[in-house]
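FYI, it's all coordinate maths here, none of it is from the lab. Keep in mind that this is a model prediction, so the values were computed, not measured. We place every Cβ from the backbone using ideal geometry, glycine too, and count neighbours over all the protein chains shown.
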Amino acid sequence: MTNHAPLETAPNDPARTEPGGSYHFEVMRRALDLIDADPHQSLDDLARALHMSPAHFQRTFSGWVGVSPKRYQQYLTLDHARRLLADRFTVLDTVGETGLTSGGRLHDLFIRWEAMSPGTYASGGGGLTIRWGWFDSPFGPALVMATDKGICGIGFASETGPEPAMADLRGRWPNATYVEDATAIKPLADAAFGAGGDVQLALIGAPFQIKVWEALLSIPTGHVTTYSEIAGAIGKPRAMRAVGTAVGRNPISWLIPCHRALRKSGGLGGYHWGLPVKRAMLAWEAAKTEDGAA
């Protein structure tokens, strides 16, 4: 079964497709720790701590996310998730036979997905050839994997390191054949991280997991939902723990936006590739959404 849903992202953003994208993220990652230690630091204080001039610091942030460091600082504070739940909470419809689609478009990226057969999942990917490569992304180095049906895996190495990220994704489908071929899948990675266009996903998971991932695909950019809301949307309102596990096992991070799932309390919950990456994604999207709506 093939489904379609739009995924918001900013088109033609050079900070996402040029090498500076990861550089910008690394600067932001260090700034995040400083802001956590003291949310009231001035632009000059942060720039000094990062060994940058205030002008360079401002250009770096503005180039990465499109807003000033002072504005972006608001999105990085620890209570940002609670504000998102209050202001940008998304109620999910029940998942039907054709899956969920999200309303509104602030981008030019269109997601199509196809669920692989249960037998492919049960066999550990036996018979599949999965090509892979490393790419620059707005959230640090990204490992992208794809079958001939489309992207099947995206992982981020800024917190875990490259070898654990590779072992993690390969461990999802241990019986597949893996071929390093960044050239072949570069168009898919470019589309995922900034070039826009159509992106095909190959969902390889158990039927319950795929239902959860389809629900995640319905959450608009800049908005969030809760684990309990996802459980209700897939017709399993008491299965919040199982939903949380399925969210955490999402193999196609960013494109299947598990970072938009939060606890009802306003806590971030977990994130497979590290909470700093989840916070950065939520902050980046909130800034882009406000910038696009301005």
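Output wanted: per-residue J couplings in Hz (rounded whole) for the range 198-207, from phi through Karplus 6.51 cos²θ - 1.76 cosθ + 1.60, θ = phi - 60°, x for Gly and Pro.
8, 10, 9, 10, 10, 8, 10, x, 5, x
Using the Karplus curve 6.51 cos²θ - 1.76 cosθ + 1.60 with θ = phi - 60°, what ³J(HN,Hα) values do you get for each residue of the range 153-158, in whole Hz, with x for Gly and Pro?
Whole-Hz 3J(HN,Hα) from phi for the range 153-158: x, 9, x, 10, 10, 5.
How do Arg249, Arg238 rank when sorted from fewest to most other Cβ atoms within 10 Å of their own Cβ?
Details: Arg249 15, Arg238 10.
With the sparsest Cβ surroundings first, the list reads Arg238, Arg249.
Amide H to amide H, which residues 5 or more places from Ala157 or on other chains are under 5 Å from it, using H placed in the peptide plane?
Those lying under 5 Å, H to H, from Ala157 are Leu143.
Order the peptides 44-56, 27-39, 133-145, 258-270 from the highest to the lowest mean number of other Cβ atoms within 10 Å of their residues. Please list the in-between numbers first.
Working: 44-56: 14.4, 27-39: 16.3, 133-145: 22.5, 258-270: 19.1.
Result, highest mean Cβ count within 10 Å first: 133-145, 258-270, 27-39, 44-56.
Using θ = phi - 60° and the Karplus relation 6.51 cos²θ - 1.76 cosθ + 1.60, list the HN-Hα couplings for the range 36-42 in order, rounded to whole Hz, with x at every Gly or Pro.
The phi angles translate into 4, 5, 8, x, 9, 5, 7 Hz.
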